[in-house]
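The values are calculated or read from the model by the stated rules, or taken from the named source; none is laboratory data. The model shown is predicted, which means the values in this text are computed figures rather than measured ones. Virtual Cβ from ideal backbone geometry, glycine too; neighbours counted across all protein chains shown. What goes into the accessible areas is simple: the full protein's heavy atoms, side chains included, and nothing from ligands, DNA or RNA. Shrake-Rupley method; radii C 1.70, N 1.55, O 1.52, S 1.80 Å.
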Amino acid sequence: SQQGEEDPQALSIQEGENATMNCSYKTSINNLQWYRQNSGRGLVHLILIRSNEREKHSGRLRVTLDTSKKSSSLLITASRAADTASYFCATDARRDDKIIFGKGTRLHILP
Amino acid sequence: IAGITQAPTSQILAAGRRMTLRCTQDMRHNAMYWYRQDLGLGLRLIHYSNTAGTTGKGEVPDGYSVSRANTDDFPLTLASAVPSQTSVYFCASSPGTSGRASYNEQFFGPGTRLTVL
């Protein structure tokens with residue numbers, strides 16, 4: 001099935017550095033979403049970018065979308081300890097309403 | 001109630017038993033979803049409902065059934081539980097206007113941790 005795949009699977013950086021995670025998908029999409037999951041909790045929506053958008057900002061988050069390469073990136077600037085979490089991209093296919101989540105990137109911010 | 005709730009929080013179940021996981025939202029969202037999350041596999045969609053009275057199959061529907069009698073509730077039933085159904089189950093909802101549920105963000109419940117022995 002069509003699915004987003006995050007890269008890398010795990011990432012450790014020093015507090016204050018920027019963190020970049022990537023997502024690749026297989027088929028044409030309507031939109032792409034990024035979610036965060038803290039350990040043992042449900043997912044929380046971060047940002048949605050539509051297929052006709054190339055970049056979107058929300059606070060310290062910047063998301064880009066390249067539909068020609070079928071890829072997206074999530075940048076977290078000036079990382080904080082509270083950013084330690086798993087991050088998932090979620091994509092839909094133009095044919096149906098189902099959203100498919102990737103396997104996630106585990107981000108660990110080192111003090 | 002504020003948002004989306006799930007019950008129970010956790011459950012240990014003997015194989016072969018029937019189990020219903022409950023999910024309720026008070027946001028009047030049209031669309032609701034059930035996912036299971038397993039280590040190394042991310043979230044996989046089990047069943048979904050775009051609006052009350054309709055349901056659809058996700059990636060891994062076998063062994064599970066759902067119903068959507070009203071807008072607020074979306075129970076997930078395991079008719080005869082098996083150990084491979086040990087997982088964390090998340091319910092989610094989204095506004096889903098005009099039948100295009102995928103255009104909206106999803107709101108997740110806190111999850112149910114299910115262990116089948």
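Criterion first (open to solvent by 40 Å² or more (accessible area, probe 1.4 Å), over 27 Å from residue B:96 (Cβ atoms) and either within 11 Å of another protein chain (Cβ to nearest Cβ) or acidic (Asp, Glu) (or both)) does residue B:40 satisfy it? Explain how you work it out, then say what you get.
Details: open to solvent by 40 Å² or more (accessible area, probe 1.4 Å): yes; over 27 Å from residue B:96 (Cβ atoms): yes; either within 11 Å of another protein chain (Cβ to nearest Cβ) or acidic (Asp, Glu) (or both): yes.
The answer is yes for residue B:40.
Just wondering, is there one or more residues in region A:64-73 that are closer than 30 Å to residue B:56 by Cα, buried (at least 19 other Cβ atoms within 10 Å of the Cβ), in contact with a Leu (Cβ under 6 Å, 6 or more places away or on another chain) and within 11 Å of chain B (Cβ to nearest Cβ)?
No, that holds for no residue.
If you go through region B:100-111 one residue at a time, do you hit one that is more than 11 Å from every other protein chain (Cβ to nearest Cβ) and either open to solvent by less than 50 Å² (accessible area, probe 1.4 Å) or over 21 Å from residue A:86 (Cα atoms) (or both)? Even if it seems obvious, please write down each step before you answer.
Here is the first cut: in region B:100-111, the ones more than 11 Å from every other protein chain (Cβ to nearest Cβ) are none.
There is no residue in region B:100-111 that is more than 11 Å from every other protein chain (Cβ to nearest Cβ) and either open to solvent by less than 50 Å² (accessible area, probe 1.4 Å) or over 21 Å from residue A:86 (Cα atoms) (or both).
Regarding residue B:55, is this residue in contact (Cβ under 8 Å) with a residue 40 or more places away in the chain and surrounded by fewer than 22 Cβ atoms within 10 Å (Cβ to Cβ)? Talk me through it step by step, then tell me what you get.
Numbers: in contact (Cβ under 8 Å) with a residue 40 or more places away in the chain: no; surrounded by fewer than 22 Cβ atoms within 10 Å (Cβ to Cβ): yes.
The answer is no for residue B:55.
Restricting to region A:87-106, give me the number of residues that are more than 9 Å from chain B (Cβ to nearest Cβ), open to solvent by 10 Å² or more (accessible area, probe 1.4 Å) and within 23 Å of residue A:39 (Cβ to Cβ).
Summing the residues that are more than 9 Å from chain B (Cβ to nearest Cβ), open to solvent by 10 Å² or more (accessible area, probe 1.4 Å) and within 23 Å of residue A:39 (Cβ to Cβ) in region A:87-106 gives 1.
Say whether the condition of being more than 25 Å from residue B:41 (Cα to Cα), away from every other protein chain (no Cβ under 13 Å) and of a type in the set (Lys, Arg) is met by at least one residue in region A:29-52.
No: zero hits.
Hey, among the residues in region B:68-97 that are in a loop (DSSP other than H, G, I, E, B) and under 10 Å from the mean Cα position of the chain (by Cα), which one's nearest to the other protein chains (Cβ to nearest Cβ)? Explain how you work it out, then say what you get.
Quick first cut of region B:68-97, residues in a loop (DSSP other than H, G, I, E, B) only: B:68-72, B:74-75, B:79-82, B:86, B:95-96.
Filter again for under 10 Å from the mean Cα position of the chain (by Cα), leaving B:74-75.
On the way: B:74: 15, B:75: 18 Å.
Here the answer is B:74.
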